[in-house]
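Here, each number is a calculation from the coordinates, and none is a lab measurement. All values reported here derive from a predicted model rather than from experimental measurement. For neighbour counting, all protein chains shown are included, and Cβ atoms are generated from backbone atoms with ideal geometry for every residue, glycine included.
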Amino acid sequence: MKTRGLLDRIYGILFRRPVYHGLFWLVLFSLILWADYEKGIDMRFALGNELIQLFFYAFLVYLNLLYLIPNYLARYAFVYFGLVLAVCALVTPIEVLVFYLKFHDQPLYRSRLVETQVWIFLGNVIVTIVSTVLRVIMDWWRYQNEKQVLLTQTMQSELRFLKSQINPHFLFNTLNNLYALTLKKSDKAPEIVLKLSEIMRYMLYECNERRVHLTKEIQYIYNYLDLERLRQPKEADIRFVVEGQISEQMVAPLLFIPFLENSFKHGLNNQLQGGGFVRLRLTVAGEELEFFIENSKAERLPRQDHPRSGGIGLVNVRQRLNMLYPDNHTLTIEDEPHRYAVTLQLKMI
């Protein structure tokens, strides 16, 4: 993580405009000086010549970056390349004239200028085109970076929205259960209030991070099942088995609750004859986790005179899995006549 942070800082510095412009000119100036050195040209003489050359390169490059590319490249590509050639053709004679005046006491260099002006023209074209290629690369990199930042912000906003849906959804179901027991003056009501307070403490203060300890999520499930056992018939088979070594693994908060809610809402709550079941198994092997839950189903759902509410749980958990574990999860759902089962396998990264 420290190495990645250092690399991000280095990339951030290198891709600042003054830095990469300065590096471009430094590299270009070093290359043309090195070429003069290889030819055996005196360095003091070469330095003056290449500073003049660099001035004309800079004129062409910034004319290209500030005017030609913004106005012509995207909409009129052929016109753009024609203008690049035309500008270089106009600048080259002026450049040759400046060198001609500089070499006033060196007739040999003056005679070579006429012979090499085609190469001067080609050098101007190449430098201008290279600046175009670098500009396109930088724009692409900047676009990808901004796209990633926007994607991250969108993902965080959507996750906050999904979690805000999950919390009231669970609270709504639990308060309905508590209301039913208070109408019956049940002695179980105070215990439900205690369990509910533990659950709400977790939801309000501990699950606002992107990841929580798996042990806390498991304890949340235990509390949830204790609530359900208080209001379900005694013959209901409710089991939760944890297998494997639980240590410091981290997992997205409230990830399993929608499956658990649905198993009671559409399973045990509709068992008119009693004797239904909800069975859970959570298996951990290192960073690999498998969550399995199955519930019984009634042959026929009881008739309702009002529209069904809810239905957001499974949709939300699919979206959260796709955002938080895009390539590290598998979700399998088995919908049979008398049984409904969900298997979630994920890598806790």
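Using a Förster distance of 51 Å, how high is the FRET efficiency between residue 25 and residue 288, based on the Cβ-Cβ distance and rounded to 0.05?
0.45
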Mind checking which lysines have their C-alpha under 22 Å from residue 39, skipping anything on the same chain fewer than 8 residues away? 102
Under 18 Å from a point 7 Å along the Cα-to-Cβ line of residue 16: which residues of the range 119-147 have their amide N that close? 142
Note: residue 201 to residue 118 extended length (0.36 nm per residue) minus current alpha-carbon separation gives 22.0 nm
Only loop residues by DSSP count here, and only those with at most 11 other Cβ atoms within 10 Å; note down the trypsin sites (Lys or Arg not before Pro) in the range 224-263 that meet that. 234
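Residue 135 to residue 74: extension gain in nm, 0.36 nm per residue of separation minus the Cα-Cα distance? Don't skip to the end; give the middle numbers.
Values: separation 61, 0.36 × 61 = 21.96 nm, distance 1.25 nm.
That works out to 20.7 nm of additional length.
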Segment residue 245-residue 51, extension gain: residue separation times 0.36 nm, minus the distance between their alpha carbons: 63.0 nm
So if we plug the beta-carbon distance of residue 327 and residue 146 into 1/(1 + (r/R0)^6) with R0 = 30 Å, what FRET efficiency do we get, rounded to 0.05? 0.80
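In debye, nearest 20, what is the charge dipole magnitude of the range 184-299 about its Cα centre with +1 on Lys and Arg Cβ and -1 on Asp and Glu Cβ, if you could check? It would help to have the intermediate numbers written out before the result.
Working: 16 positive and 18 negative charges, 113 e Å.
Using only the charged Cβ atoms, the result is roughly 540 debye.
Go through 188/265; 195/234; 195/216; 185/234; 185/297 and tell me which ones have a Cα-Cα distance over 26 Å in this structure. Please list the in-between numbers first.
On the way: 188/265 20 Å; 195/234 19 Å; 195/216 14 Å; 185/234 19 Å; 185/297 29 Å.
Cα-Cα > 26 Å for 185/297; rest within.
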Pairwise FRET efficiency - residue 349 versus residue 126, Cβ, R0 = 51 Å, nearest 0.05: 0.65
In units of 2.2 N^0.38 Å, the Cα radius of gyration of the range 2-147 is 1.25
Given axes a ≥ b ≥ c from the Cα gyration tensor, I'd like to know whether the range 82-161 is rounded (a/c under 1.5), prolate (a/b larger than b/c) or oblate. prolate
Check: the range 2-147 dipole with +1 on Lys, Arg Cβ and -1 on Asp, Glu Cβ, in debye: 640 debye
